[in-house]
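Structure record follows, encoded as structure tokens.
The values are calculated or read from the model by the stated rules, or taken from the named source; none is laboratory data. It should be emphasised that the depicted structure is a prediction, and the values quoted were computed from it without experimental measurement. Don't worry about glycine lacking a Cβ; one is built from the backbone with ideal geometry, like all the others, and counts go over all protein chains shown. Remember, those area values only see protein heavy atoms, side chains included, never the ligands or the DNA or RNA. Shrake-Rupley method; radii C 1.70, N 1.55, O 1.52, S 1.80 Å.
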Amino acid sequence: MRKVFAGLAALLMLVIVLQFFLAASGAFDSAPNEEAFRPHRALGYMSVLLALVLTVVAAAIRLPGRIVGRCGALVGLAILQPVIAVIARGLGDSDTSTTAGQLVFGLHAVNGLMIMAVNRTVLQEARVLAGPASATGAGAGDGAPRPGSAPAS
Ligand code: HEM
């Protein structure tokens, strides 16, 4: 199951990179926002679901609390993305944005970087825990090897 967890964390990293790709291609699209950002929006909500599954799996296979905690933080940060979009839209009116709305929406991209950074640490630890050492039962619980730590003798 640790390999499944590492696979899910890698999948989430792919989704995050795709989100940046779709945001840029949406920004270049001359279609109305509603249409231009549809793929980005859809995958954005999928990323919330994927972060949730990651957290449930991490807890179910009893990974160290710090990893379960970071997965939970990923769920919170992913939910924050549409919240930021809704608040930014709320600060403008139907077809014009305000400076306040633009400043708030800028946080959407910064939060996207945060999601990537947190998931990178989860993926790093997941790969160590899924590695050969973990097959022998070494690394169960909070004594789990950390990235860069000396292999269990
Ligand atoms: C991990 C990265 C990201 C996630 C999970 C994410 C998620 C989302 C979600 C869920 C929505 C839909 C909000 C709604 O319901 O209206 C959305 C909209 C949007 N996102 Fe992202 N996003 C990410 C990164 C980015 C980045 C890096 C940019 C641009 C630099 C960006 C630009 C936008 C734009 C322009 C919209 C549409 C706003 C509108 O409807 O007018 N996103 N994003």
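Once a ≥ b ≥ c are taken as the square roots of the eigenvalues of the Cα gyration tensor of the stretch 2-130, is the result rounded (a/c under 1.5), prolate (a/b larger than b/c) or oblate (a/b not larger than b/c)? The shape class here is prolate.
Shown for the stretch 2-130: the carbon plus sulfur share of the solvent-accessible area, taken with all protein chains present and a 1.4 angstrom probe, equals 72%. For the listed peptides 4-15, 110-121, a ranking on the average number of other beta carbons within 10 Å per residue, highest first, reads 4-15, 110-121. Among the trypsin sites (Lys or Arg not before Pro) in the stretch 13-89, those placed in a DSSP loop whose Cβ has at most 12 other Cβ atoms within 10 Å are R62. Taking every alpha-carbon pair within the stretch 39-104, the share separated by more than 17 Å comes to 53 percent. Highest mean packing comes first when the peptides 29-35, 50-56 are listed by Cβ atoms within 10 Å, giving 50-56, 29-35. Working note: Karplus 6.51/-1.76/1.60 with θ = phi - 60° gives the stretch 24-31 the couplings 5, 5, x, 5, 7, 6, 7, 5 Hz, where Gly and Pro are set to x. Each Lys and Arg Cβ is given +1 and each Asp and Glu Cβ -1; about its Cα centre, the stretch 2-130 then shows a dipole of about 840 debye. The label-point distance for Q124 and A24, in a model that sets each label 7 Å from Cα toward Cβ, rounds to 2.4 nm.
When the Cα positions of L113, A9, S25 are compared along the charge dipole of the stretch 2-130, A9 comes out farthest toward the positive end, with charges on each C-beta of Lys, Arg, Asp and Glu.
Expressed as a whole number of Å, what is the distance separating the alpha-carbon centroids of the stretch 62-124 and the stretch 24-50? The stretch 24-50 and the stretch 62-124 have Cα centres separated by 15 Å. Taking 0.36 nm per residue of sequence separation and removing the Cα-Cα distance, the L91/I61 pair yields an extension gain of 6.5 nm.
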